[in-house]
Structures are given as structure tokens and as C-alpha cells.
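Chemist: Would you mind keeping the following structure in view while I ask a few things?
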Amino acid sequence: MRKISAPLAVLLLAAFLRLYRLASVPFGWHPDEATKALLARDVLAGKYFPAFFSAFTGREALFVYLEAFLFALVGEGMFAGRLLSAFVGILTVALTYSTGREWFNRRTGLLAAAFLAVSMWHLIASRNGYRAVIQPLIQLPVLFLMFRGLRLGGGRSATTSTTLYFIIAGVFLGLTQYTYTAVRLFPFLIMAIVIMVWLFDRQRVTDNLGNLALMALVASLVFLPLGYYFWQNPQDFFGRAAQISVFSPEWAGGNAGARLWQSVKETTRMWTVWGDINYRFNISGQPVFGLLSGLLFFAGIVLTVGLAVRRRGLTRVAYLTLLVWLGVMLLPMVLSAESLPYYQRAIGVLPAVYFFPAIALDAALSWFEHREYKGSKLVS
């Protein structure tokens with residue numbers, strides 16, 4: 001019963017924080033929410049069904065279609081869009097627990113989910129009607145299912161269910177590209193995972209080579225409509241990124257290296273010093289972590305590096321994946337020069353960010369438990 005009650009309590013907390021007074025907090029409707037809702041209304045009216053919406057500097061399609069579906073259920077308006085974000089946020093907390101349990105252990109998954117449930121960054125994203133909030137939710141099944149499939153094995157030990165894990169992972173991998181612009185780097189994380197498994201557990205890649213190829217094929221097929229659209233409209237693929245790039249003359253002022261270094265410094269500060277000042281994504285420049293949680297975050301990074309060195313096989317790859325995940329999915333923000341730090345462009349690092357304090361806290365609790373056990377053995 002306790003194994004069920006603790007995750008359920010975290011999920012109920014996440015739901016309360018994301019649904020309470022959702023219709024009135026935050027106040028008002030930002031133009032970015034409204035323009036996306038206009039696209040959802042057009043979809044609901046049957047005007048068009050594109051793979052990518054080119055209007056309003058470009059909008060990936062998945063959230064728009066889901067919002068149109070919700071419009072059909074509860075009616076058009078701001079509440080429907082924000083209700084979708086809230087449900088997406090709640091599901092992200094649930095999948096964070098499942099992924100942490102698959103990669104590490106039950107307690108680490110539970111702690112990471114709890115940190116994410118109360119995260120101001122993710123909470124605000126879950127109470128606004130912006131499409132970016134769906135990016136972490138669609139990323140997580142890829143990572144969970146891919147590791148589950150690799151853990152179960154391949155070759156002669158492969159089963160239909162194992163292959164199914166890779167097929168569904170491929171579906172979600174293709175769907176990631178329909179979420180938010182910053183997700184375009186996510187396939188590089190998947191490629192890095194395969195390379196790391198090849199380096200540290202080579203037989204597992206060899207056994208699952210067919211399944212991995214199938215996952216890539218399915219992902220390509222799901223991505224095909226969007227890929228074809230970008231092939232015909234390359235400006236929609238490059239346009240927005242070029243506008244805000246640190247290498248753009250408008251932002252770099254002739255010194256792209258200095259602007260990039262400034263971006264790196266601003267990104268580093270966001271963890272415990274100074275955060276996003278945009279009221280849509282944060283509160284008054286508040287950093288991601290407070291003092292105690294920040295110490296746990298940095299301690300978790302150090303522990304993760306150490307555990308990645310000491311562990312073997314897929315467990316080592318899981319720890320390394322957290323580090324690579326953090327680096328790769330921070331790049332969309334680091335390489336942009338507009339209003340840094342800009343939490344929405346870094347939303348792909350969620351929930352990886354909250355696994356680090358979870359790992360540190362789990363290690364501390366394990367140490368105390370071990371010490372207590374040794375003490376009780378001495379007494380007996």
C-alpha cells in the first residue's frame with residue numbers, strides 16, 4: 001500500500017498546484033496563448049490541418065491539435081488551453097517517477113517527481129497555455145521505453161513486447177518534433193545514448209540492433225509530414241532560430257564569441273543566482289533553486305559523475321544520460337541571445353534537472369539508513 005500511496009500523494013499534489021484557481025491565475029491571456037488558440041479554432045472549424053503552422057512566427061502542431069480537441073469538449077477560450085497545459089504537467093510528473101524508477105530506483109524517481117511537482121518553473125509552464133510545456137512529456141516516453149527495451153534484451157531473448165517498446169518509443173521520438181522548436185536537438189541525445197551503450201555495454205546494442213533500427217524507421221515515418229513541410233519551406237525551419245541566435249549580427253555586434261560567453265554565464269547563474277525576468281515564465285528573476293535545493297542540485301551533479309564512473313552497463317549509461325541531457329537540451333537557450341535566461345527555450349532539460357537533487361537526497365538517505373542499520377546490528 002505504501003508503494004502506491006507515496007506516488008499517488010505526489011501526483012495529487014502536482015494536480016492541486018496545477019488546477020487550483022486555474023481560470024484566474026495567472027491573470028489575463030497573453031497574445032502567444034491567444035494566437036495559438038486562434039489556430040486551434042481554425043482546426044476545429046476544419047479550415048486546414050497542416051504539419052506546421054507558419055503563422056505568428058511559426059507554431060509546432062501537436063499542442064494546437066490537442067487544444068482544438070479540448071475546445072470541442074469544454075468550449076473555446078483561455079481555460080481550455082490552460083487546462084491542457086495543466087494535464088500535460090501532471091502527466092509529466094507521473095512519467096518522471098516512472099523513468100526514475102526504471103533508470104535508478106523507486107525512491108529517486110519519487111523524489112524527482114516531487115521536486116518537479118513543486119518546481120516554480122514547471123508549475124508556471126503548466127498553468128499557461130504555451131505549447132512548450134508538452135515537450136518534456138513527449139520526450140520522457142522515448143527515454144523510458146528505450147531503456148526498458150534495452151534492459152529486456154534482444155537477439156534470441158527478444159520478445160514481441162520488447163520490440164513493441166521500441167516501436168512506441170519511435171512513435172514518440174517522431175512526435176517530439178511536433179512539440180516545440182527547442183526539441184530539434186533531442187534526437188542528438190538519443191544518438192548519444194546509443195553511442196554510450198555501444199561503448200559501455202556493446203553486446204546490448206548488438207542484440208537490439210534490429211529494434212533500434214525499427215525505432216529509427218518508425219520515428220522517421222512519424223516525422224515525414226513535418227520533414228516534407230520543412231523541405232518545401234526551409235524558412236520556417238531556420239527563420240526563428242536565426243532571428244535570436246547569438247551568432248546573428250543583430251545580437252552579436254560583430255563579436256559572436258563574446259556574446260556566446262555571456263550567454264553561458266547567464267545560463268550558469270540561473271540555477272541559484274538570477275533567473276528569467278519574463279513574467280510569463282518566472283517570478284521576479286527568481287533562480288531555479290533556493291539555497292538548500294541548489295546545494296542538492298550541485299551535489300547531485302558531482303554524485304552523478306562519480307556514479308557514472310563506478311557503475312557498469314545500462315546503469316552507467318543512465319547516469320551519463322542525465323549529464324548529456326542537461327548539456328544538449330540547454331543549448332537552445334545558450335545559443336539564443338534574447339532575454340537570457342529564457343526558461344521556455346530550456347524546458348527540454350525538465351525533468352533531468354530535478355533528478356540531480358533527487359540523486360543527492362537519495363544518497364544521503366541511504367547513508368543514514370546504512371548507518372542506522374549498522375548501529376542496530378552492534379546493539380543486538
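Chemist: Do we have any residue at all in region 46-63 that's polar (S, T, N, Q) and not in a helix (DSSP H, G or I)?
Modeler: yes
Chemist: For region 126-152, what are the residues that are more than 28 Å from S293 (Cβ to Cβ) and open to solvent by less than 10 Å² (accessible area, probe 1.4 Å)?
Modeler: M146, G149, L150
Chemist: Turning to a different aspect of this structure: For the structure I just gave you, tell me whether S161 is open to solvent by 30 Å² or more (accessible area, probe 1.4 Å), of a type outside the set (A, V, I, L, M) and modelled with pLDDT under 95.
Modeler: yes
Chemist: In region 92-114, is there at least one residue being closer than 22 Å to A358 by Cα, in contact (Cβ under 8 Å) with a residue 60 or more places away in the chain, not aliphatic (A, V, I, L, M) and not in a helix (DSSP H, G or I)?
Modeler: yes
Chemist: For residues that are of a type outside the set (A, V, I, L, M), more than 20 Å from V317 (Cα to Cα) and under 19 Å from the mean Cα position of the chain (by Cα), tally how many sit in region 161-203.
Modeler: Counting residues in region 161-203 that are of a type outside the set (A, V, I, L, M), more than 20 Å from V317 (Cα to Cα) and under 19 Å from the mean Cα position of the chain (by Cα) gives 9.
Residues checked against (1) without any contact (Cβ under 8 Å) to a residue 24 or more places away in the chain; (2) open to solvent by less than 30 Å² (accessible area, probe 1.4 Å):
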residue: V118; (1), (2): no, no
residue: W121; (1), (2): no, yes
residue: I124; (1), (2): no, yes
residue: I167; (1), (2): no, no
residue: Q177; (1), (2): no, yes
residue: W198; (1), (2): yes, no
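Chemist: Are any residues in region 313-338 of a type outside the set (A, V, I, L, M, F, W, C) and either assigned to a helix (DSSP H, G or I) or open to solvent by less than 20 Å² (accessible area, probe 1.4 Å) (or both), and if so, which ones?
Modeler: G313, T315, R316, Y319, T321, G327, P332, S336
Chemist: I've got another one for you. Looking at region 16-33, which of its residues are closer than 27 Å to A55 by Cβ and among the aliphatic types (A, V, I, L, M)?
Modeler: Once the filter is applied, which keeps residues that are closer than 27 Å to A55 by Cβ and among the aliphatic types (A, V, I, L, M), region 16-33 yields L22, A23.
Chemist: If I filter region 71-85 down to residues being outside any loop (DSSP other than H, G, I, E, B) and over 23 Å from the mean Cα position of the chain (by Cα), which single residue comes out as modelled with the lowest pLDDT?
Modeler: Out of the qualifying residues, it is M78.
Chemist: Let me ask you something else. Would you check if R240 is under 28 Å from Q344 (Cβ atoms), open to solvent by 80 Å² or more (accessible area, probe 1.4 Å), basic (K, R) and at pLDDT below 90?
Modeler: When the stated conditions are applied, R240 passes them.
Chemist: Being closer than 30 Å to A51 by Cα, open to solvent by 30 Å² or more (accessible area, probe 1.4 Å), touching a residue at least 40 places away in the same chain (Cβ under 8 Å) and among the polar types (S, T, N, Q): is that true of N211 here?
Modeler: No.
Chemist: Still on this model: Between a first residue in region 285-312 that is open to solvent by less than 70 Å² (accessible area, probe 1.4 Å) and a second residue that is among the charged types (D, E, K, R), which pairs have beta carbons less than 7 Å apart while being 6 or more apart in sequence or on different chains?
Modeler: Matching pairs, first to second residue: A308/R316.
Chemist: Limited to region 246-269, what total is found for residues that are under 11 Å from V334 (Cβ atoms) and either part of a loop (DSSP other than H, G, I, E, B) or small (G, A, S) (or both)?
Modeler: Residues in region 246-269 being under 11 Å from V334 (Cβ atoms) and either part of a loop (DSSP other than H, G, I, E, B) or small (G, A, S) (or both): 2 in total.
Chemist: Could you say whether any residue in region 350-361 is open to solvent by 20 Å² or more (accessible area, probe 1.4 Å) and farther than 26 Å from T176 by Cβ?
Modeler: yes
Chemist: Let me ask something else. Among the numbered criteria (1) in a helix (DSSP H, G or I); (2) open to solvent by less than 30 Å² (accessible area, probe 1.4 Å), which single criterion is violated by P341?
Modeler: All conditions pass for P341, except number (1).
Chemist: Can I ask one more? List every residue pair whose Cβ atoms lie under 8 Å apart, where the two residues are 6 or more positions apart in sequence or sit on different chains, the first residue falls within region 361-372 and is free of Cβ contacts under 8 Å to residues at least 40 places away in the same chain and at positive phi, and the second residue, located anywhere, is open to solvent by less than 100 Å² (accessible area, probe 1.4 Å) and not in a helix (DSSP H, G or I).
Modeler: Qualifying pairs under 8 Å: none.
Chemist: If a residue must be in contact with a helix residue (DSSP H, G or I) (Cβ under 6 Å, 6 or more places away or on another chain), open to solvent by 40 Å² or more (accessible area, probe 1.4 Å) and modelled with pLDDT of 90 or more, how many such residues does region 15-37 contain?
Modeler: Selection size over region 15-37: 2.
Chemist: Suppose the filter is open to solvent by 20 Å² or more (accessible area, probe 1.4 Å), touching a residue at least 24 places away in the same chain (Cβ under 8 Å) and among the aromatic types (F, W, Y); does F79 pass it?
Modeler: So F79 passes the test.
The values are calculated or read from the model by the stated rules, or taken from the named source; none is laboratory data. This one's a predicted model, so the numbers in the text were calculated from it and none came from an experiment. With ideal geometry, Cβ positions are generated from the backbone for all residues, glycine too; neighbour counts draw on all protein chains shown. What goes into the accessible areas is simple: the full protein's heavy atoms, side chains included, and nothing from ligands, DNA or RNA. Shrake-Rupley method; radii C 1.70, N 1.55, O 1.52, S 1.80 Å.
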